[in-house]
1. Going by average Cβ density within 10 Å per residue, which order do the peptides 28-37, 207-216 take, highest to lowest?
2. How high is the relative contact order of segment 19-100? Use alpha-carbon pairs under 8 Å, at least six apart in sequence, and give a whole percent.
3. In what sequence, highest mean first, do 54-63, 136-145 appear when ranked by Cβ atoms within 10 angstrom?
4. May I ask you to derive the relative contact order of segment 306-366, considering only C-alpha pairs under 8 Å and at least 6 residues apart, and to give it as an integer percent?
5. Which FRET efficiency value, to the nearest 0.05, is calculated for residue 174 and residue 278 with the Förster distance at 45 angstrom and r the Cβ-Cβ distance?
6. By how many nm would the segment from residue 361 to residue 438 lengthen if fully extended, with 0.36 nm per residue of separation less the alpha-carbon distance?
7. For segment 148-301, list log₁₀ I(q)/I(0) at each q in 0.19 Å⁻¹, using the Debye formula over Cα point scatterers of equal strength and ignoring solvent, two decimals each.
8. If all Cα-Cα distances of the chain are sorted into 20 Å bins from 0 onward, what percent lands in each bin, rounded to whole numbers?
């Protein structure tokens, strides 16, 4: 019988609580982890990966040979011949010794690159409408979820003079990140009077450093809106550590607040509505009292001021001032030009500037140009491309994992793949055998050939079933 040391590789397994965290992360990396766990033939030199309860930036695992000692598994062949044993290992609870002995801790980013070498390089970034693909963003989302319940307890909502208090950099934990670099963190309190004096319309959501509540690590303005009526909008989130952005976003979702789709300056970014699970350009307006004020803060989103109607908005119509000076103050603005043409948008439930709009065939509607969905492989008259409003029932998204491929197609031209958990355009579908006996078939995409499946004797097999010998693929 083989010795324990001969067990070099073991089925790659994730703990139930690690799986729960990964399912909350909208990333190709989390998808890759879950796919590796689900794949019964995936073996690694490390296994039983779990969250590190002492460090939200790390995970723990056990080397496969050490796990073999605990489980009394002494050879790779034993596992191959007994697939039911592998399935039982995947169900082990975190109280089992494999999750509590011989554990190795590793930074989560390094662990990604160890499990998936060269698959997610640092330069890899998502494009519009595509899942996050880079390790840095995955780590940020992972950190925001692990230990989230404790962090939520450190959130607070303040009003009045407490807004200017927590804007002051003296009350920041550090001067790092977007919070430390905020241009309003060192100004006189008079520049923040518009916040302090409008307690019915303006609040500040803050995240304390710890239970002492003497320093903050993040903040975001919360507007009680006049339009849309009865809604709140969480403005740009400033943090010492960008991973804390997700805490605010999750809190906004929990409370049904609108929130900014991108934590950057500008009104053109989409607004996410958690009540309908949609992100789109939305006209926002808040009623305020500011007639006696002379100083004003720099604003990220609601920077169009209409002194006649006493409103701030993210839209220029009617505005006679803008609040975009990083030193504070206001600048004159002429509002929308008299000759500017507007079109009615059912999607946005508002009139939008035609110069900034696009008409979508699928949806029969005008929407902002940067939100129109391009539909591929459709011929309509002489056009080689068409567009759709987001969420149109006749349009589906094909998001092929492992390659830089995200496109939208007409649904009737696609087939659903349980194997890839996405739609595939019919002419791109490839039938791939998932076992050597050719009894299991998955629909794969032709562009994944030689990276995820290979051709052997006229048939296609998942790549983990094969090896390359003298430039030719053969079954293991």
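Only the coordinates and a few stated rules stand behind these numbers; no lab work does. No experiment lies behind these values; they were computed from the predicted model shown. Heads up, the Cβs are rebuilt from the backbone with ideal geometry, glycines too, and the neighbour counts pull from every protein chain shown.
1. Order by mean packing, descending: 28-37, 207-216.
2. About 23 percent, as a whole number.
3. 136-145, 54-63
4. 20 percent.
5. Once the sixth-power term is evaluated, E becomes 0.80.
6. 23.4 nm
7. Log10 I(q)/I(0), no solvent term: -1.26.
8. Computed distribution, short to long bins: 20, 45, 29, 7, 0.
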